[in-house]
Amino acid sequence: MDPIKVDFSSKQKVKEKEIVIPPEKSVLKIILSLILTVITAGVAYYVMLPALNVKDFNLYIYLAIVAASYVVFNGLFAGVMTKPEYTPYVKKRAIVPGIIIGIIAVVVIIGWVIGCEFFRAKSYGKLIDVSSASKFSEGVEQTDKNSFREIPRLDTDSASQIAARALGALGTEDLVSQFTVSSINTQINYQGKPVRVIPLQYANIIKWLFNTSTGLPGYILVDMADESAEFVEVEGNIKYSPAEHFNKLLKRQIRFSHPTALLGEATIEVDDEGVSYWVCPVLDNKIGFFGGTDVIGAIMVRTDVKEYEDTYYTIEQFKEDSALEWIDRVYESDLVVNQYNYYGKYQRGFWNSILGQKGVKSTTSGYSYIAKDDDVWMYTGVTSVTSDQSIIGFLLVNQRTKEALFYSVEGGTEESAQLAAQGRVKDLGYTATFPLLININGEPTYFLSLKDDSNIVQQYALINVKQYNNNKMGANGTDLEAALTKYMAALGKSDVQPEPDTPDEPVTPDTPDAPAQDGTVTGTVSDIRTAVKSGESYYYIKLDAGDAYYAISASKDENVVILNKGDSVTVSFSGEGAIIEADSIKIN
């Protein structure tokens, strides 16, 4: 019998199996790991405040942190750092958390893909409806002498600085030292005036410790037109705010009351009776899980509540309920700017936005606010993607209803106007604020304030949008009315053709009663009409003393540009008829 031959030269290796060695008291350590994981989940939720909503990206980060924490605690209890032999055990215990994290990653990727701009470009382009308005002069109310005094002269930085000075109204120096102005502020229309509502915050964490039991004493109202400020005391103090911590933090209380809501940033507003509210937008991602963010409502909290309570209103209620018309801001400015940029980018699909770029447009680099129909409208310039020096129009968006209007106007960007205004005072080194868009005699005009290094407004500037680079088509001055007068005179002498007002009635009255000789007449202005002849702005003034209109150009007498109905004037004239040529108009 032949012997059995065994070949020990085979190179085949047998895969070694990791030996899983559980640590001592492994069951107890698993229980302790689970307990600490639950504690971590509670602390992480309290700090992160994710919405229990599949459309909240923070929720997935939160779940991943909780799953990973179990692996960390299990490894710590096993002592894997000092006892490597327990590594296979820890790896085995990490399988389930690893699967959970993998599922989270897959869900996030799927949610992103189904909302990706590449696949959903047209949906992004429909997030906002934009109406093409008719004439700029019809859509934006004309600025006269009285309304010119009430336009905002301050930007956010200047308003905050004025608010800081108003802290002296709090009383004693000890009280003043406890608080400072918050970076959160809102521009609203309050009792017919543009104001910024600026809440307070604690000066530091130590001041918070000593004052949180009583809360914040009130807020500051800054009049954006006359540059004044007043401290408004809230009866009982403000207990819940973005300046608080722990359970008094406003966002935390809102989250506990609305665990599934996607929350925007809360702002402060004041109703016509002087009652202040926190207004927190409620959002929804309408494209996929994370794309197409829009507002679906808002949560309102009175600032003077002692025990937290809130009220939720849908966006339809804000649009239709007359009792909520005093609210000026539900839609955040950055949100509507992003939506319009999608609108301007994807009207002809994704590939056109990259290759041909036909009709692709975007907003300019900033925005400001104007009052229109007793609402606050955000406005920004719109430019073609192929040009960054000129605009093709203006976008106005109602911050309560998201009504969006586009006015076709060609001219310089806001940045160009800022550079032009600063160039006029280069020797003084002033900085121009982001311009405000106003209507002067039918002409879109940039109004800017010029600030010194201390953020104090020193001068004002008016720059014609269409002729921003024409030094003759602008005016600077330390006085508002003087700047307006200079600008109107320049406008009257220029080749710019302003849109004339369209009166409801013809200028020529049906039954004229005009003086029959040269001389003067004194009376109260009952009507003012404007027109352009040969490039000059003419004003037609009617007095209560008769039915005739006295015609005079702005270049002949600059006083005419600041006239308003109700002003008492003396007119020097020549001739007779329904329309009489005036030589001068003196304001009494």
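Listed here are the residues, each with its yes/no results for (1) modelled with pLDDT of 65 or more; (2) open to solvent by 50 Å² or more (accessible area, probe 1.4 Å); (3) of a type in the set (Asp, Glu).
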{"residue": "THR502", "(1), (2), (3)": "no, yes, no"}
{"residue": "THR511", "(1), (2), (3)": "no, yes, no"}
{"residue": "THR520", "(1), (2), (3)": "yes, yes, no"}
{"residue": "TYR550", "(1), (2), (3)": "yes, no, no"}
{"residue": "ASP557", "(1), (2), (3)": "yes, no, yes"}
{"residue": "ASN564", "(1), (2), (3)": "yes, no, no"}
Problem - Residues that are hydrophobic (A, V, I, L, M, F, W, C), assigned to a strand (DSSP E or B) and closer than 30 Å to VAL107 by Cα, drawn from the range 285-340 - result: ILE287, VAL295, ILE296, ALA298, ILE299
Exercise for the section: Just give me the residues in the range 268-281 being open to solvent by 10 Å² or more (accessible area, probe 1.4 Å) and in a strand (DSSP E or B), in sequence order. Expected result: TYR277
Exercise for the section: Name every residue in the range 175-187 that is modelled with pLDDT under 90, of a type outside the set (Gly, Ala, Ser) and over 23 Å from the mean Cα position of the chain (by Cα), in order of residue number. Expected result: LEU175, VAL176
Problem - Candidate set from the range 297-332 (those that are among the β-branched types (Val, Ile, Thr) and surrounded by 15 or more Cβ atoms within 10 Å (Cβ to Cβ)); member that is nearest to MET378 (Cα to Cα) - result: VAL330
Handout entry: Unique residue being assigned to a helix (DSSP H, G or I) and at pLDDT 90 or above when the list is ILE110, ILE128
Key = ILE110
Practice task
Report whether or not LEU216 is buried (at least 20 other Cβ atoms within 10 Å of the Cβ) and without any contact (Cβ under 8 Å) to a residue 60 or more places away in the chain.
Solution key: yes
Problem - For ASN464: the one exception among (1) surrounded by 17 or more Cβ atoms within 10 Å (Cβ to Cβ); (2) out of contact with any helix residue (DSSP H, G or I) (no Cβ under 8 Å at 6 or more places or on another chain) - result: (2)
Problem - Subset of the range 428-443 that is part of a strand (DSSP E or B) and surrounded by 23 or more Cβ atoms within 10 Å (Cβ to Cβ) - its residue that is modelled with the highest pLDDT - result: ALA432
Problem - Qualifying residue in the range 88-100 (condition: farther than 25 Å from LYS25 by Cβ and surrounded by fewer than 19 Cβ atoms within 10 Å (Cβ to Cβ)) - result: yes
Handout entry: Residue satisfying all of: in the range 144-174; at pLDDT below 80, touching a helix residue (DSSP H, G or I) at 6+ places or on another chain (Cβ under 9 Å) and not hydrophobic (A, V, I, L, M, F, W, C); least open to solvent (accessible area, probe 1.4 Å) among these
Key = LYS145
Practice task
Inspect the range 108-131 for any residue being under 26 Å from the mean Cα position of the chain (by Cα), open to solvent by 90 Å² or more (accessible area, probe 1.4 Å) and either over 30 Å from GLY291 (Cβ atoms) or of a type outside the set (Lys, Arg) (or both) and give the result as yes or no.
Solution key: yes
Practice task
Scan the range 367-381 for residues that are touching a helix residue (DSSP H, G or I) at 6+ places or on another chain (Cβ under 6 Å) and surrounded by fewer than 22 Cβ atoms within 10 Å (Cβ to Cβ) and report the count.
Solution key: 1
Practice task
For ILE354, indicate whether it is closer than 24 Å to THR433 by Cα, among the β-branched types (Val, Ile, Thr) and open to solvent by 50 Å² or more (accessible area, probe 1.4 Å).
Solution key: no
Handout entry: Condition broken by LEU283, with the remaining ones in (1) farther than 15 Å from ALA51 by Cα; (2) at pLDDT 95 or above satisfied
Key = (1)
Practice task
Inspect the range 229-242 for any residue being open to solvent by 20 Å² or more (accessible area, probe 1.4 Å) and either part of a helix (DSSP H, G or I) or touching a Ser or Thr at 6+ places or on another chain (Cβ under 6 Å) (or both) and give the result as yes or no.
Solution key: yes
Problem - Verdict on ASN455 being open to solvent by 10 Å² or more (accessible area, probe 1.4 Å), touching an Asp or Glu at 6+ places or on another chain (Cβ under 6 Å) and not in a strand (DSSP E or B) - result: yes
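Let's see how each residue does on (1) in contact (Cβ under 8 Å) with a residue 12 or more places away in the chain; (2) within 23 Å of PRO194 (Cβ to Cβ); (3) part of a strand (DSSP E or B):
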position: VAL382; (1), (2), (3): yes, no, yes
position: LEU396; (1), (2), (3): yes, yes, yes
position: LYS402; (1), (2), (3): yes, yes, no
position: GLY411; (1), (2), (3): yes, no, yes
position: GLN418; (1), (2), (3): yes, yes, no
position: GLN422; (1), (2), (3): yes, no, no
position: LYS426; (1), (2), (3): no, no, no
Exercise for the section: Answer yes if at least one residue in the range 382-389 is over 25 Å from ASP144 (Cβ atoms), surrounded by 18 or more Cβ atoms within 10 Å (Cβ to Cβ) and either of a type outside the set (D, E, K, R) or over 20 Å from the mean Cα position of the chain (by Cα) (or both), and no otherwise. Expected result: yes
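The values are calculated or read from the model by the stated rules, or taken from the named source; none is laboratory data. Just so we're clear, the structure is a prediction, and the values are computed from it rather than from any experiment. Positions of Cβ are backbone-derived with ideal geometry, glycine not excepted, and every protein chain shown enters the neighbour counts. Heavy atoms of the whole protein, side chains included, go into the accessibility calculation; ligands, DNA and RNA do not. Shrake-Rupley method; radii C 1.70, N 1.55, O 1.52, S 1.80 Å.
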